[in-house]
Amino acid sequence: MANEADLGERALIAIRSEPRIGPHFKPGMIEVDAEGTATIEAEVDNVAIKRLVLERLAATPGVSAVIDRLRVKPAMAMSDDGILDHLRKAYYEEPAFRQLKIREREGHEVRLVRDALPEASGDIEIEVKQGVVILNGSVPSLASKRLAGVLAWWVPGSRDVINGIAVGPPEDDAPIQIEEAVRIALEKDPFVDASQIRVGVRARTVRLTGLVRSGTARDAAEWDAWYVFGVNDVINEIAVDS
C-alpha cells in the first residue's frame, strides 16, 4: 500500500495532468493522512481551477475524503464588511427569497436583515470570514440553495463560498436539478441572453451550446455554470456571432 507521501505525490501528478490546470500548479500544502483524507491549500486563479483541482484530487486512488482549503483570487479587493453589504442587498432584493428570513452573523452576534413573513418557508444566514462567504439556514429547494451560492460568487471580493444551507424537505439531486440551477443563473445574469444558450448536464458536467454576440457573454455564461453548487466540470461550446 502506498504511504502518505506517495499518495500526496500521486494526487499532485493527477491534478497537474489536467490541461486546464497544468504542470506549474504548486499548492501551499497537499497532504494525505493514513485514513486517505487529503488536505489541500492554495490560492487559485478562478473557481474553475478550484473545482477541477478538487475533482482530480478526489478521484485519486487511495484518497477517501478531501479537506478543501483552496481560495480564489478575488476579482476586486473588498473587506468582509463590503462583501457582506453586497450580499445583504442581493439577498434582500432577490424575488426568489421573498419568503425567507435573512440573517447575518459577525462572530457570536446574529442580526436580522429581514424578518419572516407569515407564510415564510425558510431562512438564510450569511457570514464572511477573510473573504470566504459561509451560508447556513434552510430553504425549500435545491434551486434556492444553489441560487444563494451563485449570488455569493458574483460578489467580486469573494474568495470562496461554503454553502451549508439545508434543503427541507430533502430533495434527491440529479442532473436535471443542476440544469435548472444553471438556467436560473443564466436568466438572472444581466450580461447573458439566456434565450440564446442551451444547457445540457451529464452527471455533474455541464455542456453549454448556442450563439452569443460577444466573448464577454460567452465567458459570463461559463462562469455562471461553474458557480453552481455541485458542478464538477463545464464544457463551453458556445459560439460567438462575428
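Laboratory data are not the source of any read-out in this text; all were calculated from the coordinates shown. Remember, it's a predicted structure, so these values are computed and weren't measured experimentally. Cβ sites come from the backbone with ideal geometry, for glycine too, and all protein chains shown count toward neighbours.
Below are the figures for this structure:
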quantity	calculated
Amide H within-cut-off set for residue 113, under 5 Å, with H built and near neighbours excluded	102, 103, 104
Candidate lysines for bridging to residue 26, where Cα separation is under 18 Å - those fewer than 8 sequence places away on the same chain excluded	50, 73
Placed amide H near residue 137: partners under 5 Å, 5+ positions off or other chain	125, 166
Rough spin-label spacing in nm, given labels placed 7 Å along Cα→Cβ, for residue 9 and residue 77	4.0
Integer Hz, Karplus 6.51/-1.76/1.60 couplings in order for segment 164-171, x for Gly and Pro	x, 5, 8, 10, x, x, x, 10
Restraint check, 101/188; 101/145; 89/188; 129/188, Cα-Cα greater than 19 Å	101/188; 129/188
Full-stretch length increase - residue 172, residue 117 - with 0.36 nm per residue and alpha-carbon distance subtracted	17.1 nm
Extended-chain gain in nm, criterion 0.36 nm per residue less alpha-carbon gap, residue 31 and residue 202	58.5 nm
